[in-house]
Structures are given as C-alpha cells and as structure tokens.
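Worksheet: the structure to be examined is printed underneath.
The values are calculated or read from the model by the stated rules, or taken from the named source; none is laboratory data. Just so it is clear, the model here is predicted, and its values are computed rather than measured. Methodologically, a virtual Cβ is constructed for each residue, glycine included, from the backbone with ideal geometry; neighbour enumeration extends over all protein chains shown.
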Amino acid sequence: MTRLEAIEKLCGRGQPFELNFTQIRGQRCKVFTHAPETLRDLYAETRSDLEYLVFEGERMTFEEVYRHASALGRAMIRDFGVAKGDRVAIAMRNYPEWVIAFFAVTSIGAIAVSMNALWSARELSYGLSDCKAKLIFVDHERLYGLSADPSLLSDAEIIRVRAEENTKIYSNDYTRLVSDHLGCEMPWVDIDTDDDATLIYTSGSTGKPKGAVSTNRSIVSALLSWELDAALRSFLGQYEQPKLSYQESFLLSVPLFHVSGSHVGMLASLRLQRKLILMYKWDPETGMDLIEQERVTVFTAAPALTGDLIQAASRQSRDLSGLLVVGGGGAPRAPAQVHKIGELAQNIVPSTGWGMTETNAIGTGILGKTYLDRPSSSGQCAAILELRVVDAEGKILGPNSIGELQVRGTSMFRCYWNLPEETAMAFDGDWFRTGDIASIDREGFLFIVDRAKDIIIRGGENIACIAVEDALLEHPDIMEACVYGLPDDRLGELVWATVLVKREIDTEALESFLATRLAKFEIPSFVRQQSAPLPRSASGKILKRFLKSEASKELRS
C-alpha cells in the first residue's frame, strides 16, 4: 500500500484522523474532523495527574499546569484588563512559567508573542512596540536588561518571573499574581478556531524580525499531523514504537520561543501525555545525565546539538536504553550523522523533518530505516499540506528537478504582523515562497538543496553549501562546518569554509580527502580551522552570516 492509499484509509469517514475540506481565507483546505477547536480545548482535554514539566528538580503535573494557567488567565483579565486579541509577550528562558504563561494567554483569547530570549533590550523594545504588547513576562536577565533604559518598554506592563524586584523599573510579581487567584476556574472567553493565537518573531537574520501570526486551527492541525504520521508509519509497517512500562518523555534542549520548542516539544506532548524535561540551556553532559535519570525517550534538536550527543556518547559509557528517537530539524543533517545516530544503540532510530515558523513547524517527516536509506531527505509531505517546486519564472517543475520549494495548506500562518506588503510578496497565489532550494522525487521525498541566498556561483557553476558541508563533516577530525561564498574578481565567488577541528588538518591532505567526495570546483579554496565551537543562534543553528563577515575581514587584510 502506498502512503497516499494509507492516508485515504486512516483519514476516511468515521476514522480518528478523518479529514474533510473547508474554506480558510478563501483557500480550500483539509481539516481534521475530530480535532480540538482551540488550544484552550486542547489544554482542557489533556488534564491529568501524570507529570508534565520537569525543571531542575521541580515537577508539575498536567493538572497543576492547567490550574496555574487558569489562575494566571484570571489575573491577566482582572488585574490588567487583558482582552481577546491583545498581545502578551513572553521573553525568558525555558522555565515552567513560560509554558504556564503561554497556556494562560491563549486560553483567554489573547495572542501569545514568543520573543527571542537572547535579544538585546533594544530588540525586545522593537518587538514590544511592533506588536503593541499589553504585558510582557520576563525573567531576571531580561528584567535587568530592560532596567538599563526603562523608556524602551513603551506601554507594556512587566510581570517578573524568578526575579527579584528591580528598583530601576516597576514590575509585577508572577508568584503573587498566581497565588492570589489559584483555585479559580479558567475564565470563559468566546474563542473561534480561526482566531489568532500566536505571534512568533522570525530570527531576523536579514533586516528587522517579522512577526508570523497563526490561528488556533493552524497550530492544532500541525499537532494532529504529527500524530497521523506516527499512525501511518505503524499502519505501513515502517516503525512501531515499543510498548513502554514507563511514561514517555521529551528532552527539550532548544528554546521554547522557537516552534521546535513550543510546538514539537511543548504542545505535541499534551495528547501523548509525554513528560517534558526543560533545560535552561543546552549542555551535552547535563543532557546525558537527564537522558539517563529521566529515561528520556525522545531527543529532538538542531544537527549541532544531536552531534554533541553523539560525541558525548562516544567518549563515555552511558545508559541510553530508554532513548528511542533522536530527531532533528531547523537545518538539514549531514548523512554521516544520520548513520552515527543509527549506530548509537539498537533501540535508537534517527528522524528529521522540514518545517518553518510559517508552517507551524510541520511540512515533511522521515524516521528509522526510511531515513537511513535516504539520509539526505527531509521526508514526505504532511497530509494537510501540499508541496511543489518551481523555477525562476514560476513554472512548476517535475520530479527530481531543482527549484524553489513552495507550500500551502491548513497549518500555514495567517500573515506577517502589520506587514501587508511583505505578506503579499511572500506568497505566489496560495503558495508560500519558502526560499528553500529543493527537489521532490517520484515517491514524494523532499530533498533540501540549500537556501536560495546561500548558493555559491563560482565561474558559472552553482555550488550547494550543504553538499560541501556534508563532505567536510565526513572527515574524522572535523566536528562542525560552515560553508559560504566570498567575492572573487575572476570567478565571481570562491568557496570558503570555517570548521571546528579536533586537531589541525594539513591543507593538502584535506584537499585529497575532499577530492573523492566533491567536484573540483566545489572544493573550498580556503578553510579556516578553529578549536572553538562555531557560533550558534539560540535554536542551535550556526551563524553563517557572522562567520562569512569574519572571513571577509580576513580576506581584505
């Protein structure tokens, strides 16, 4: 049976994943008939006495999180006058209060604004002003940063979390607000499935960050799509998760302010009744300790972080018997790393997927032997989405042709906040222009070639940075690699790379190593070797733009 036939079977009338069509903003979309209408409904339906949040010895059940969110929701309405549609920002590390605040905000019809906790005070100020936030939840670091210049706050009131009162800036104490209303039911606000629920700022690697707005339906549809994918794999005999005598658990090493944290980790754990172990920030040794102590079943992170896990596991004897899935996302994983994950332990399978903030993290997925057989693939398309590849003129390309990837469907974001022109430019009719260069084979497997802006054109030859990075990472002494193009008078661009090495590598030896893996014109003209880890963003992505700038300075000198 093919995947499409299996989808038809599992999504037919009367089935748990029954799909029907409806109109969303003028587009005909597939929707799950039996999905919760809103995020608030999702929270209410998943209350239980099982553990949900674990943070450095602190533990909260699903029921306790719901009751705290109910108290906070009441406080926001009664004490601050938060109304449906108001924006409430969250800017802090991975604390339990982040989750509670998100639940509370979205349960009362307000819009949860996820802000990068590593932003400077001025960047936070831009976001607050852009979305006109009524409230902002901050931890000690963010409160201290904002106190340096209180004028940056605009009109947003501050609720401080795990922070002492700062005499330079007025703030409200989170603990007092919750305790004053604990025991109260969640306030009732009339919320529609197509009402806005989240506003998530993109990384802003080029220009100012944009706030992607998504509805309740878009987010819930993404969550059920992952459940459907798991059911499809079981139905097709591709992967059947072992029956466990203990609770499933997810190690959250990436920030909650990214969809890989808030959606893949936090929200997707609700219906699965999966325990979520929060890390303040990623540390390989601490991560390994938690995997052992909590019998973590799922660890999903950017390739750099899963690479750290592989390195840590190779250096020491650790009990990985509870770990079932090592997932990825945020960036393509080198094929060499895919196979190393498969070799970690007999019970562990690798997985990955492609998705964006604008798609609410879903898009494609792949796991287990299917992934090991196609380590360069990001998987097959989610049932509620459609993918296509087009050329520079917008012509739809056939299987295995390389062009820009476009996507449309139910989980798509609604707009960029207050940017109607940029929203319009981001779409080709109903299709969202992802900016990814990709191909789709005859079986529907997606292969991301590169970002459009990262293609290096050397003497008229197009070079995919990811292909060169994959080749470099096959070298046993290279732990991280970042490839980029720098200008050249004769050839237009030359291939440069910055790599993290275990020990210095002879240049000629490296060229000989790459010569069996790359075309001659793809081999880097310059390789900058360093012993310090490559700089990463909060989500674990290597900061290519920064490394390119550093190399450019070196070239000019």
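Note on the stretch 208-257: residues that are in contact with a Ser or Thr (Cβ under 7 Å, 6 or more places away or on another chain) and among the charged types (D, E, K, R) total 4.
Restricting I478, I505, I466 to residues that are touching a Pro at 6+ places or on another chain (Cβ under 7 Å) and not assigned by TED's automatic domain parsing to the domain that holds G307 narrows the list to I466. Name the residues in the stretch 256-296 that are in contact (Cβ under 8 Å) with a residue 24 or more places away in the chain, under 17 Å from D308 (Cα atoms) and in a loop (DSSP other than H, G, I, E, B), would you? Result: M279, Y280, K281, W282, V296.
For the condition crowded, with 23+ Cβ neighbours inside 10 Å and hydroxyl-bearing (S, T, Y), T106 qualifies. Got at least one residue in the stretch 499-506 being farther than 19 Å from P335 by Cα and surrounded by 15 or more Cβ atoms within 10 Å (Cβ to Cβ)? Yes, the stretch 499-506 contains at least one residue that is farther than 19 Å from P335 by Cα and surrounded by 15 or more Cβ atoms within 10 Å (Cβ to Cβ). Taken over the stretch 155-173, the criterion of being in contact with a Phe, Trp or Tyr (Cβ under 7 Å, 6 or more places away or on another chain) and in contact (Cβ under 8 Å) with a residue 60 or more places away in the chain is satisfied by E157, V161, R162. Among the residues of the stretch 250-273, the one identified as under 18 Å from P96 (Cβ atoms) and more than 18 Å from the chain's Cα centre (by Cα) is Q273. For the stretch 8-34, filtering for residues that are outside any strand (DSSP E or B) and buried (at least 20 other Cβ atoms within 10 Å of the Cβ) leaves 2. You will find that of G322, G330, the residue that is surrounded by 21 or more Cβ atoms within 10 Å (Cβ to Cβ) and not assigned by TED's automatic domain parsing to the domain that holds I542 is G330 and no other.
Filtering the stretch 427-440 to residues that are within 18 Å of Q27 (Cα to Cα), buried (at least 16 other Cβ atoms within 10 Å of the Cβ) and without any contact (Cβ under 8 Å) to a residue 60 or more places away in the chain leaves W431, R433.
Among the residues making up the stretch 222-254, those that are aromatic (F, W, Y) and farther than 17 Å from Q273 by Cα are F235, Y239. Only one entry in D229, D194, D190 is closer than 30 Å to E8 by Cα, charged (D, E, K, R), touching a residue at least 12 places away in the same chain (Cβ under 8 Å) and surrounded by fewer than 17 Cβ atoms within 10 Å (Cβ to Cβ), namely D194. Only one of the numbered conditions (1) assigned to a helix (DSSP H, G or I); (2) at positive phi is violated by G329, and that is (1).
Condition check ((1) at pLDDT 95 or above; (2) within 25 Å of H475 (Cβ to Cβ); (3) touching a strand residue (DSSP E or B) at 6+ places or on another chain (Cβ under 9 Å)) across all residues:
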residue: R295; (1), (2), (3): yes, no, yes
residue: A302; (1), (2), (3): no, yes, yes
residue: L320; (1), (2), (3): no, no, no
residue: A336; (1), (2), (3): no, yes, no
residue: H339; (1), (2), (3): no, yes, yes
residue: Y371; (1), (2), (3): yes, yes, yes
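Per the listing L152, L128, L118, the residue uniquely in contact (Cβ under 8 Å) with a residue 24 or more places away in the chain, closer than 25 Å to A212 by Cα and part of a loop (DSSP other than H, G, I, E, B) is L118. Residues that are over 29 Å from S253 (Cα atoms) and either in a loop (DSSP other than H, G, I, E, B) or among the aliphatic types (A, V, I, L, M) (or both) within the stretch 521-541 comprise I523, P524, S525, V527, listed in sequence order. A Cβ distance below 9 Å, combined with a sequence gap of six or more or placement on separate chains, defines the contacts here; from the stretch 36-55, residues that are farther than 18 Å from H263 by Cβ reach residues that are part of a helix (DSSP H, G or I) and of a type in the set (F, W, Y) in the pairs A44/Y66; R47/F62; R47/Y66; S48/F62; D49/F62; L50/F62; E51/F62. If the condition is being of a type outside the set (A, V, I, L, M, F, W, C), touching a Lys or Arg at 6+ places or on another chain (Cβ under 9 Å) and within 28 Å of Y246 (Cα to Cα), then the stretch 320-341 contributes S321, G322. Checked against the criterion of being polar (S, T, N, Q), more than 31 Å from the chain's Cα centre (by Cα) and not assigned by TED's automatic domain parsing to the domain that holds S377, the candidates S525, S537, S531, S552 yield just one match: S525. For the stretch 131-149, the candidate set comprises residues that are in a helix (DSSP H, G or I) and of a type in the set (A, V, I, L, M); within that set, the residue that is farthest from V105 (Cα to Cα) is L146. Out of the residues in the stretch 507-523 meeting the condition of being under 14 Å from G459 (Cα atoms) and in contact with a helix residue (DSSP H, G or I) (Cβ under 9 Å, 6 or more places away or on another chain), tell me which one is surrounded by the most Cβ atoms within 10 Å (Cβ to Cβ). Result: I523. For L72, the requirement of being over 23 Å from V178 (Cα atoms), part of a helix (DSSP H, G or I) and either modelled with pLDDT of 95 or more or over 25 Å from the mean Cα position of the chain (by Cα) (or both) is not met.
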